[in-house]
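Structure record follows, encoded as structure tokens.
The values are calculated or read from the model by the stated rules, or taken from the named source; none is laboratory data. Every value quoted in this text rests on a predicted model; they were computed, and no experiment measured them. Neighbour counts are summed over all protein chains in view; Cβ atoms, including those assigned to glycine, are modelled from backbone coordinates with ideal geometry. For the accessible areas, the whole protein counts, side chains as well, though only heavy atoms, and no ligand, DNA or RNA atoms are used. Shrake-Rupley method; radii C 1.70, N 1.55, O 1.52, S 1.80 Å.
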Amino acid sequence: KRLAQVCREIGKESTTNVKGSMTDWNMHKEDPDFMEVCRMAIALAHENAPDDPVAKSVELIPWDCWGARYSKGDYAKIHNHWPMLWSWVYNVECCKYCSPLIFNDSFGVHSIQPKSGNMILFPSGLQHYVPKQQCDHDRIIISGNITMNAGAYPHKINSN
């Protein structure tokens, strides 16, 4: 409920691919509840990493995290989040009639209907968008990107 309230209080229209209202990009640094959602996304990313010890041991960190409110007529243009590793959407408040998250890839078009409390994790390079919200109520989401903590993996440069 607190996450939804923060997103309801957004007063500015986004100038990004989100054609609705959006919080600042770094909510995980400003709000512990947003950081907790990032931790959930990172845990899900680790669960979906390749099944080998090296992949499972990679330290993942949130790159950014934001909230968005889609009112009737709002949408998100087609885009991707390259060069991040993983992207995610957490459905805070929505109904089964709210606009879906749609992916376009080489296998076709895939639509995921939102459900409050569900998190969708996907490779960041996937093209995706949200069609215009048709419901009279707001569709509220938290979203973000995950990357590898490169600082945790110092490497040697071989001079040979």
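Quick notes
- Within segment 5-20, being surrounded by 17 or more Cβ atoms within 10 Å (Cβ to Cβ), more than 15 Å from the chain's Cα centre (by Cα) and not in a loop (DSSP other than H, G, I, E, B) holds for VAL6, LYS19.
- Residues in segment 64-77 that are open to solvent by 50 Å² or more (accessible area, probe 1.4 Å) and without any contact (Cβ under 8 Å) to a residue 60 or more places away in the chain: TYR75 only.
- Any hit, segment 34-48, residues being farther than 18 Å from HIS81 by Cβ and assigned to a loop (DSSP other than H, G, I, E, B): no
- Total residues in segment 98-109, condition surrounded by 13 or more Cβ atoms within 10 Å (Cβ to Cβ) and modelled with pLDDT under 95: 2
- Extreme residue, farthest from the chain's Cα centre (by Cα), among residues of segment 60-87 that are among the charged types (D, E, K, R) and more than 17 Å from SER124 (Cα to Cα): LYS72
- Residues located in segment 81-98, provided they are aliphatic (A, V, I, L, M) and closer than 14 Å to LEU60 by Cβ: MET84, LEU85
- In the condition set (1) in contact with a Leu (Cβ under 7 Å, 6 or more places away or on another chain); (2) open to solvent by 30 Å² or more (accessible area, probe 1.4 Å), TRP88 is compliant with all but (2).
- Count of segment 92-120 residues, restricted to those that are in contact (Cβ under 8 Å) with a residue 12 or more places away in the chain, more than 16 Å from the chain's Cα centre (by Cα) and farther than 16 Å from PRO131 by Cα, is 1.
- ILE61 being touching a residue at least 12 places away in the same chain (Cβ under 8 Å) and either assigned to a strand (DSSP E or B) or buried (at least 20 other Cβ atoms within 10 Å of the Cβ) (or both): yes
- Top-ranked residue in segment 1-58 [being touching a residue at least 40 places away in the same chain (Cβ under 8 Å) and basic (Lys, Arg); ranked as nearest to GLU93 (Cα to Cα)]: ARG8
- Take the conditions (1) out of contact with any His (no Cβ under 8 Å at 6 or more places or on another chain); (2) assigned to a helix (DSSP H, G or I); (3) not hydrophobic (A, V, I, L, M, F, W, C); LYS56 misses just one of them, which is (1).
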